[in-house]
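Following: one structure in structure tokens, then a few remarks.
The values are calculated or read from the model by the stated rules, or taken from the named source; none is laboratory data. Just so it is clear, the model here is predicted, and its values are computed rather than measured. Glycine also receives a Cβ, built like all others from the backbone with ideal geometry; neighbour counts cover every protein chain displayed. Accessible surface is based on the protein model in full, side chains and every heavy atom, while ligands, DNA and RNA are left aside. Shrake-Rupley method; radii C 1.70, N 1.55, O 1.52, S 1.80 Å.
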Amino acid sequence: MKVRKAVIPAAGLGTRMLPATKTVPKEMLPMVDKPVIQYIIEEAVAAGIEDILIVTNRAKSAMDDYFDYYPELETRLNQAGKERELIEVRRAADLANIFYVRQKETKGLGHAIWRAKRFVGDEPFAVLLGDDIMRAKKPVTAQLVEAAEKYNACAVGVQKVSTEAISKYSSVKVSPLEERIFSVSDMNEKPRPEQIFSNYAILGRYVLTPAIFGILENVRPGYGGEIQLTDGLRELCLRDKMVAVDFEGRRYDTGNLNGFLEATIDFALDHPATGPWLRRFIREKAAQL
Ligand code: G1P
């Protein structure tokens, strides 16, 4: 099983980050010096993925402009001797083969993934949710691809969350296969207390087979009246082999204000241009609190 393609659903309305996301796509908000979506694309590329489809909507054209060349800007940077900036601006456009399709109607994550059917064809593919940035030594997508290849199975990225938090996610029914890897036999989107299978929640990363498309075509609206990817995966795991990978790394939900700020601080602390300064600034601030 060789995973060469990835799908990034990025067609949400960004309602948890208003008013900032009224005209700027949430995926384009700056995380230190790069937009959120670039971290996701870099993770996919680091897992050996060459072709990436971003599922967008009519308010997201800033994303395809970003991954394009910008000759006027590049000429200006060149003339001004701004070599580092020039390299970074060019690099974003050369990261991967990026394709786009519009969701057209906001009908849920499952419906957004279904729009990737033609792009995916008959190969396995990775899904990286556009809001979820991972900070990990080994890219989380690479961890999933490895498990999917080893078990010749679909894979979902999971971590344990608290019982209060699980109702915000999907809860998976798991039985252990080896350290950090489980087999999956059932799951529930946004479970009520009596529906919780385990505290393992799927967190934004998947490796799937095209069998999901036929299933999604027939999935009825679920939680929130939307076509839920989890409802499709539930059927997929009943039919085919699926593993859950308790991945190593920290996940940030950049689609809400707190998660966005946590990620900003952690990434700025890691960044050579801002890290030393931010450390001093936080110490000074903490002393005043
Ligand atoms: C989505 C998925 C859910 C998953 C969560 C975190 O929910 O539907 O299964 O657990 O992402 O990756 P949302 O954040 O869109 O409510």
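Can you find, among ASN256, ALA287, LEU238, the residue sitting farthest towards the positive end of the charge dipole of the stretch 236-289, where Lys and Arg contribute +1 and Asp and Glu -1 at Cβ? The listed residue farthest towards the positive side: ALA287. A Gaussian network model of the chain, with springs between Cα atoms under 10 Å, assigns the largest mean-square fluctuation among GLN228, GLN195, GLN38 to GLN195.
At a probe radius of 1.4 angstrom, the accessible area of the chain per residue rounds to 51 square angstrom. If both residues of a DSSP beta bridge must be in the chain, then about 60% of such bridges are antiparallel.
Where is the GNM fluctuation largest for the chain (alpha-carbon springs, 10 angstrom cutoff): ARG239, ARG84, ARG180? Looking only at ARG239, ARG84, ARG180, the biggest GNM fluctuation is shown by ARG84.
Remark on the chain: hydrodynamic radius 19.9 angstrom, per the Kirkwood mean of 1/r across alpha carbon pairs.
For the stretch 78-168, which GluC sites (Glu not before Pro) are in a loop by DSSP, counting at most 15 other Cβ atoms within 10 Å? Passing sites in the stretch 78-168 are GLU105, GLU164. The aspartates and glutamates whose alpha-carbon is closer than 14 Å to the alpha-carbon of LYS190, local same-chain residues fewer than 8 away aside, are GLU164, GLU226, ASP231.
With contacts taken as Cα pairs under 8 Å and at least 6 residues apart, the stretch 12-111 reaches a relative contact order of 32 percent. Summing Cβ point charges (Lys, Arg +1; Asp, Glu -1) relative to the Cα centre of the stretch 124-185 gives a dipole of roughly 120 debye. For the stretch 1-69, the spread of Cα coordinates along the three principal axes comes to 42, 25, 24 Å, biggest extent given first.
Selection among ILE40, PRO30, LEU128 by position relative to the dipole of the chain gives PRO30 as farthest towards the positive end (Cβ unit charges, Cα centre).
Taking the Cα centre of the chain as origin, sum charge times position over the Cβ atoms of Lys and Arg (+1) and Asp and Glu (-1), and report the length of that vector in debye to the nearest 20.
Working: 41 positive and 40 negative charges, 92 e Å.
Roughly 440 debye, rounded to the nearest 20.
Computed over the stretch 146-289, the P(r) tail beyond 17 angstrom holds 67 percent of alpha carbon pairs.
With charges only on Cβ, +1 for K and R and -1 for D and E, what is the dipole size of the stretch 1-133 about its Cα centre, in debye, rounded to 20? Each step should come with its number before you reach the end.
Details: 20 positive and 20 negative charges, 120 e Å.
It works out to roughly 580 debye.
Each part gets one Cα centre, and for the stretch 12-46 versus the stretch 94-154 those centres are 16 Å apart. Using a cutoff of 8 angstrom between alpha carbon atoms and counting only pairs six or more residues apart, the relative contact order for the chain works out to 22 percent. In the stretch 63-178, the convex hull through the Cα atoms has an average projected area of 11.3 nm², a quarter of its surface area.
For the stretch 187-256, evaluate the Debye formula with one uniform point scatterer on each Cα (no solvent term) and list log10 I(q)/I(0) at q = 0.12, 0.25 Å⁻¹, rounded to two decimals. After summing over all Cα pairs, the log10 values are -0.37, -1.35.
Take the residue pairs LYS5/LYS104; LYS2/LYS117; LYS137/LYS168; LYS34/LYS82 and return only those whose Cα atoms are more than 24 Å apart. Show your work: numbers first, answer last.
Working: LYS5/LYS104 22 Å; LYS2/LYS117 18 Å; LYS137/LYS168 26 Å; LYS34/LYS82 17 Å.
Listed pairs above 24 Å: LYS137/LYS168.
In the calculated pair-distance distribution of the stretch 58-114, the portion above 16 angstrom amounts to 56 percent of the Cα-Cα pairs. Considering only Cα atoms, the convex hull volume of the stretch 29-128 works out to 115 Å³ per residue.
For the chain, with all protein chains in place and a probe radius of 1.4 Å, 51% of the accessible heavy-atom surface sits on carbon or sulfur.
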